[in-house]
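S.K.: Got a structure here, written out as structure tokens. Questions coming.
The values are calculated or read from the model by the stated rules, or taken from the named source; none is laboratory data. Being a predicted model, the structure only gives us computed values, none of them experimental. Cβ sites come from the backbone with ideal geometry, for glycine too, and all protein chains shown count toward neighbours.
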Amino acid sequence: MDEFGMPVEGLGLEVGWIDYDSTAWREHPDPDPDEGDDDEVPTPEWVKAIAGLDPDEEGWGDGGSKSFCPTGPGGGVDPSCSSGGGGSSEAPARMSSQQVLDKVQELGKENEARQESDKVERKKLTDEFKALEARYKAIDVPKDPAAYQAAQQAWLDERKANPGQSYQESMKSPLYAKMKAAEAPADPAAAAAAREKMQEQGKKVVEFNEKSREGADRIKEKVIEAIRVPQADRCKLEVHMEGKAKKAVVESNVELFQELVSKDALGGRTAVSFQVSKEDGRASYSDDDGVKLFSGSGKKTVLHEMGHWLEHKGPDIQQAFVAYRRRVTEGYGNRPKSLGKGYRDDEVYKERTDGKKWINKYMGKLYSGSSSTELLSMGLELLATKPTELAGRDPELFKLVVGACRGELRKR
């Protein structure tokens with residue numbers, strides 16, 4: 001992540017704050033409020049106040065149509081997404097797991113290059129804005145600062161003495177008018193000219209951020225196109241639910257699952273059951289009970305447990321992931337370790353011994369008396385949320401996950 005980057009949930013891509021929900025910009029006054037005056041990226045409120053732009057009038061709050069959103073906040077399909085606009089609805093031809101890996105890695109490198117280039121240009125534009133802002137602030141100061149401070153204090157004292165008075169009503173006070181008059185700079189014309197130059201530069205920053213977002217969106221669409229299974233090959237699940245507390249979450253993740261998994265991967269077994277409880281508990285999957293969800297089960301949890309369901313659809317799938325885990329953790333003395341805080345004492349994992357680290361140590365979890373793994377379930381989560389990270393950090397696991405989703409492991 002560069003110093004101006006923010007994560008885009010769903011694809012592991014990173015752009016500026018502009019990829020926040022555009023329909024809720026007022027609720028995101030600053031991606032990093034702790035930075036204060038050192039912020040490098042203009043926020044909506046800042047641009048409105050300083051650069052003279054209203055994000056709503058500029059179209060920032062329009063939302064717009066979305067061609068496809070793999071995940072919303074925290075995982076799962078974003079329910080606000082529509083099916084129209086902005087690109088192809090499916091890959092023109094079904095690709096192998098190797099072809100998908102190659103494409104996603106290529107797009108990941110393209111995005112890194114785009115980020116680096118945009119970082120340089122963004123810094124140049126924001127540095128120019130800061131220089132113009134500093135000049136404006138140096139000119140736009142009261143002609144008599146002491147008189148202004150006295151007038152301001154008098155108005156504040158009046159407000160304090162009238163706590164029931166609204167801000168709008170206080171602006172009608174003669175003391176407010178006196179304060180505003182004392183606020184005038186020594187050279188109003190020079191201050192106005194400096195402000196105009198600053199606003200022009202602010203518009204350039206806004207336009208550049210929009211261009212950067214569009215560039216990220218183009219790459220995002222290509223990644224989505226690569227990881228999705230073509231429409232004709234997608235699986236169609238038969239869903240059975242006990243309890244409706246998580247119905248919308250389940251339905252959105254089933255939709256996502258069907259876009260990532262082909263019919264060939266399931267071997268004709270399409271029935272999946274969900275038991276939803278309003279009680280507290282930890283989500284799980286078993287062949288007998290299906291997917292069990294509880295009150296705290298989030299969007300990513302549903303897709304995670306469906307990954308376990310997929311792993312159990314055939315011995316070839318599970319064996320492939322067991323073999324991978326064994327190979328990357330083998331070695332004398334590599335003993336199981338506790339997963340740590342938040343897990344039971346008997347929950348353990350093995351570290352990798354192949355020179356790499358797990359993206360999440362939970363991927364190396366071992367089950368006593370069972371061949372189950374967390375590799376497909378965790379891998380499916382990453383495929384839906386951070387495919388470029390998975391493809392870059394663990395290409396072999398990426399291929400295994402995509403291969404499982406496309407039925408390739410059944411051919412072994």
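S.K.: Residue 110 - would you say it is within 23 Å of the chain's Cα centre (by Cα) and at pLDDT 75 or above?
M.R.: Against the criterion (within 23 Å of the chain's Cα centre (by Cα) and at pLDDT 75 or above), residue 110 qualifies.
S.K.: Quick one: what pairs do we get from the stretch 255-272, first residue at pLDDT 90 or above, second buried (at least 20 other Cβ atoms within 10 Å of the Cβ) and acidic (Asp, Glu), C-beta under 7 Å, 6+ apart or different chains?
M.R.: none
S.K.: Could you tell me which residue of the stretch 325-346 is surrounded by the fewest Cβ atoms within 10 Å (Cβ to Cβ), considering only residues that are under 29 Å from the mean Cα position of the chain (by Cα) and under 20 Å from residue 376 (Cβ atoms)?
M.R.: 343
S.K.: Only residues that are over 15 Å from residue 266 (Cβ atoms) and among the aliphatic types (A, V, I, L, M): list them for the stretch 215-231, please.
M.R.: Selection gives 216, 219, 223, 224, 226, 227.
S.K.: Sticking with this one: Please go through the stretch 274-316 and give me each residue that is under 29 Å from the mean Cα position of the chain (by Cα) and of a type in the set (S, T, N, Q), ordered by number.
M.R.: Within the stretch 274-316, 275, 277, 284, 295, 297, 301 meet the criteria.
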